[in-house]
Amino acid sequence: MYTGNYSQEEIDRIKKIIEIGESQKQIKQSFWDEINTPDVLKLKEESNTLWEDYRIVDKKLLRKILVHNNGLSISDPDYISLSIRMIGHINSNLPDDFQELISVSQSKYAKYKPVKDIYTKALHKNIANLSLTVTPENSISMNSYGSTRWVFTEFYYSCKPFLILDICGCEVIVIQDIFPGKYCQTEYSITMSDLKNRSDYEIQTKKQNFLDNFRKELDPYEKNLHSSPFYKKPVPQPFENLYTLYAQTDSEEYGRTRRYLIIGCMTYEKE
């Protein structure tokens, strides 16, 4: 590493950044190896093949629709909605070649969609099952009271794969979302600021929708969500669904966040 014209303090800071980067890379590789089991990789390959097969027809259809819609307004009866490529009734007034192409496109998408859903579910299950590997050595425990910037900063710099975060009436298991976006899309997401917001009506509605689904995950463990000294042991539990959590560290500018996944919770059972 080139160190000319740097102070010792700057050199130490750069070394620390490199160490953190290497640690995050190792965590990513370790997680990636654990979740990409042979059955998941097979589903991924099948899903990608069907997607490419659909996209060949879809691109051809898209160009045809755009040419057809050129000069038409969306209210024009001859206007063709782009959504018809995947769903919707085919207009019998369209030329036969249009109808056939739309039919083929919809058929190929119908084959792709269930396989993609099965793949996503299997992938999410494996990600959630990472919860089962939580130990005191590979996790850091924090609470969410007050500002949480320092919580996620501490987690990031700890170079540990798991954050046990006291939030929403339980201890949830959080990992950094280090997976490509198209492979870990979650149905439920929220920011830490929205989760802690108590006034804005629109945010309250969004927060309530998130919590309604989130608490369904906690229902089976309700009696064991809190520890009692001397006679209970911590047991990690994977969630059925994944939850996306957006939060800031001290390095994020205002309005920017990092993405995390809530993958399970800690329960406490009698020994």
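The values are calculated or read from the model by the stated rules, or taken from the named source; none is laboratory data. Owing to the predicted nature of the structure, the values given are computational and were not obtained by experimental measurement. Glycine gets a Cβ as well: all are built from the backbone with ideal geometry, and neighbour counts include every protein chain shown.
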* Kindly list the number of the only condition in (1) among the β-branched types (Val, Ile, Thr); (2) in the same structural domain as Leu261 (by TED's automatic domain parsing); (3) assigned to a helix (DSSP H, G or I) that fails for Thr120. => (2)
* Asked: Do we have Ile173 as touching a residue at least 60 places away in the same chain (Cβ under 8 Å), in contact with a helix residue (DSSP H, G or I) (Cβ under 6 Å, 6 or more places away or on another chain) and assigned to a loop (DSSP other than H, G, I, E, B) here?
  -> no
* Asked: Filter the stretch 131-163 for residues that are surrounded by 15 or more Cβ atoms within 10 Å (Cβ to Cβ) and part of a strand (DSSP E or B); which is modelled with the lowest pLDDT?
  -> Met142
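Looking at the stretch 219-230, is at least one residue touching a Phe, Trp or Tyr at 6+ places or on another chain (Cβ under 8 Å), buried (at least 20 other Cβ atoms within 10 Å of the Cβ) and either of a type in the set (Ser, Thr, Tyr) or not in a strand (DSSP E or B) (or both)? Break it down stepwise before answering.
Looking only at the stretch 219-230, we keep the residues that are touching a Phe, Trp or Tyr at 6+ places or on another chain (Cβ under 8 Å), and these are 224-228.
This time we only want the ones that are buried (at least 20 other Cβ atoms within 10 Å of the Cβ), so: none.
For the stretch 219-230, residues touching a Phe, Trp or Tyr at 6+ places or on another chain (Cβ under 8 Å), buried (at least 20 other Cβ atoms within 10 Å of the Cβ) and either of a type in the set (Ser, Thr, Tyr) or not in a strand (DSSP E or B) (or both): absent.
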* Using beta carbons and a limit of 8 Å, which pairs, at least six apart or on different chains, have the first residue in the stretch 238-255 and of a type in the set (Gly, Ala, Ser) and the second one surrounded by 20 or more Cβ atoms within 10 Å (Cβ to Cβ)? -> Ala247/Thr148; Ala247/Val151; Ala247/Phe152; Ala247/Met192; Ala247/Tyr260
* Asked: When you look at Leu101, is it outside any helix (DSSP H, G or I), surrounded by 12 or more Cβ atoms within 10 Å (Cβ to Cβ) and either under 34 Å from the mean Cα position of the chain (by Cα) or of a type in the set (A, V, I, L, M, F, W, C) (or both), yes or no?
  -> no
* Look at Asp194 and say whether it is part of a helix (DSSP H, G or I) and at pLDDT 85 or above. => no
* Could you tell me which of the residues Ile14, Ile35, Ile118, Ile65 is modelled with pLDDT of 80 or more and over 28 Å from the mean Cα position of the chain (by Cα)? => Ile65
* Structure fact -> Taking the stretch 62-98 and keeping residues surrounded by 10 or more Cβ atoms within 10 Å (Cβ to Cβ) and assigned to a helix (DSSP H, G or I) leaves Leu62, Arg63, Lys64, Ile65, Leu66, His68, Asn69, Leu82, Ile84, Arg85, Phe98
